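Q: Structure below; questions to follow.
The values are calculated or read from the model by the stated rules, or taken from the named source; none is laboratory data. A quick note: this is a predicted structure, and the numbers were derived from the prediction, not measured. Every residue, glycine among them, receives a Cβ derived from its backbone with ideal geometry; neighbour counts consider all protein chains shown. Just so you know, the surface numbers come from the protein's heavy atoms only, side chains and all, with ligands and any DNA or RNA stripped out. Shrake-Rupley method; radii C 1.70, N 1.55, O 1.52, S 1.80 Å.
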Amino acid sequence: MANIEKPRAVSHAAPSVAGNENLLRPLKNLLQARFPTVRSSHLTEAIAAGLGHKSHAAFLADPPFAGPWRALLIHKSFEPEPFRQRLAGFGYPIQADFRFDRPAPTPMPPKQYLDWLSELRELNRYPGGAGSRISALHKNCAEMFAGTFELGRLEDRDDKAVKVRWKAGIDHGACLPNWGAVVNATSRSWIEFPGTDHERRFYQNLPLTSGKIAQYQSGAISMPYKDASIKMDEIAVMVGRIGWTCSHHPEWSWHAPGETTLLLFKRSTPHTLTLHAWQRSFKRWIVESRAKLLKRAGVTRRKVIEDIAACQHLPLDLVDFEDCHERYIKEFVSDLYDEERPGMALIFRRLMEQWAQELGQLSRGV
């Protein structure tokens, strides 16, 4: 009888479970800092959901492909809503904007504020010749609302003390991974809150050694008409993704009182913490050293300096260039500061090294 050769077993490379687990670690580190009360196993399962997998085991079984960009692609595939839904399924009291627990009771307008709204209703019925009074009442309402909800100052574009002003930016104390997908989807990378109508912006001050101030946007309100289509959950997910909060306060709306509602968009991090981070921040150093740094600067160096000074999304609490690369560059400007354009990344790194050196000299009293 002829010898019959047994078929050879086909060898398939097993997926690198350890490799996939390592790729997940940066995401988990970021989210553990954001959600410290969530159990590690629950967080891992929720992250897998955010990456489009039914379970953590399914993610680990996904065969990795070669290439240095895999970790970045995993980061940029993270979607917050499936992540939130999985945490809610585990019983965590997570809101649509990713806050935990129930929101605090909304402060009710005081009598003076209600009197202003009543006057506005009457003036809106017969507005002829009442424009200046309506404007004054709007300002009164905006300032009292800002004080009640700790929003800072109403935007004043004519304030000569302001050297630089940044519009709504990422709140790095509460944002979620892949926040760059939100800001890079809009023109000029500005944050645009959905459905905004009759908007008012609020700013907080940051001191400069010159006596001038820098301002960052700390809040915004929108007062759309009540018959407008408002999808609060969708709005809240977008807002929570960038580290802000979203709340609904119809009783405070002063634009056409009774006919409009009011949405409040507010940064999560208190101003006191932002102010503390600002004191020795790289961003403050760039703003205050800008004129000196631009002297005899080449085109690329000038571009990097101007980008840093103007960008509203740069974290204030950066430690070094590696920290900056992980939390800012790979999220927001990876196409400008990647390995294909080492000039810009190198300039950025050297600027941060110069900042650290000067900061060290100040600390030592040199």
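Q: When region 216-227 is examined, which residues are found to be touching a residue at least 24 places away in the same chain (Cβ under 8 Å) and either more than 15 Å from Ser281 (Cβ to Cβ) or of a type in the set (A, V, I, L, M) (or both)? I'd like the intermediate steps shown before the answer.
A: Taking region 216-227 first, the residues touching a residue at least 24 places away in the same chain (Cβ under 8 Å) are 216-226.
Those that are touching a residue at least 24 places away in the same chain (Cβ under 8 Å) and either more than 15 Å from Ser281 (Cβ to Cβ) or of a type in the set (A, V, I, L, M) (or both): Gln217, Ser218, Gly219, Ala220, Ile221, Ser222, Met223, Pro224, Tyr225, Lys226.
Q: Hey, another quick one. Output the residue which, of all residues in region 176-200 that are in contact with a Lys or Arg (Cβ under 9 Å, 6 or more places away or on another chain) and at positive phi, is surrounded by the most Cβ atoms within 10 Å (Cβ to Cβ).
A: Filtering region 176-200 for residues that are in contact with a Lys or Arg (Cβ under 9 Å, 6 or more places away or on another chain) and at positive phi, the one surrounded by the most Cβ atoms within 10 Å (Cβ to Cβ) comes out as Asn178.
Q: Right, next: Are any residues in region 306-320 out of contact with any Gly (no Cβ under 8 Å at 6 or more places or on another chain) and open to solvent by 20 Å² or more (accessible area, probe 1.4 Å), and if so, which ones?
A: Once the filter is applied, which keeps residues that are out of contact with any Gly (no Cβ under 8 Å at 6 or more places or on another chain) and open to solvent by 20 Å² or more (accessible area, probe 1.4 Å), region 306-320 yields Glu306, Asp307, Ala310, Leu316, Asp317, Val319, Asp320.
Q: Give the residues of region 241-273 that are open to solvent by less than 10 Å² (accessible area, probe 1.4 Å), β-branched (Val, Ile, Thr) and assigned to a helix (DSSP H, G or I), sorted by residue number.
A: If the condition is that a residue be open to solvent by less than 10 Å² (accessible area, probe 1.4 Å), β-branched (Val, Ile, Thr) and assigned to a helix (DSSP H, G or I), then no residue fits.
Q: Going through region 89-147 one residue at a time, which ones are part of a loop (DSSP other than H, G, I, E, B), among the charged types (D, E, K, R) and exposed (fewer than 11 other Cβ atoms within 10 Å of the Cβ)?
A: Within region 89-147, Asp101, Arg102 qualify.
Q: Filter region 275-305 down to residues that are open to solvent by less than 40 Å² (accessible area, probe 1.4 Å), within 20 Å of Lys212 (Cβ to Cβ) and in a helix (DSSP H, G or I), then give me how many there are.
A: The total comes to 12.
Q: Return the residues of region 354-366 that are under 22 Å from His172 (Cα atoms) and either open to solvent by 30 Å² or more (accessible area, probe 1.4 Å) or at pLDDT below 90 (or both); say none if nothing qualifies.
A: Listed by number, the list holds a single entry, Ala356.
Q: Which residue, of Gly173, Gly169, is under 23 Å from Asp335 (Cα atoms) and surrounded by 18 or more Cβ atoms within 10 Å (Cβ to Cβ)? Reasoning before the result, please.
A: Details: Gly173 fails: under 23 Å from Asp335 (Cα atoms).
Only one candidate passes the filter, namely Gly169.
Q: Just need a number here: residues in region 59-83 that are open to solvent by 40 Å² or more (accessible area, probe 1.4 Å) and at pLDDT 85 or above.
A: Matching residues across region 59-83 total 5.
Q: Next question, about the same structure. Looking at region 307-324, which of its residues are touching a helix residue (DSSP H, G or I) at 6+ places or on another chain (Cβ under 8 Å) and assigned to a helix (DSSP H, G or I)?
A: Ile308, Ala309, Phe321, Cys324, listed by residue number.
Q: Does Ile170 satisfy being modelled with pLDDT of 95 or more and outside any strand (DSSP E or B)?
A: yes
Q: A further question follows. Has region 95-117 got at least one residue that is farther than 25 Å from Pro26 by Cα, among the small types (Gly, Ala, Ser) and in contact (Cβ under 8 Å) with a residue 40 or more places away in the chain? Let's see the steps before the verdict.
A: Residues of region 95-117 that are farther than 25 Å from Pro26 by Cα, as a first pass: 101-117.
Pick out the ones that are also among the small types (Gly, Ala, Ser) and you get 104.
Pick out the ones that are also in contact (Cβ under 8 Å) with a residue 40 or more places away in the chain and you get none.
Scanning region 95-117 turns up no residue that is farther than 25 Å from Pro26 by Cα, among the small types (Gly, Ala, Ser) and in contact (Cβ under 8 Å) with a residue 40 or more places away in the chain.
Q: Among the residues of region 228-240, how many are assigned to a loop (DSSP other than H, G, I, E, B) and either at pLDDT 95 or above or closer than 30 Å to Lys111 by Cβ (or both)?
A: Qualifying residue count for the region: 2.
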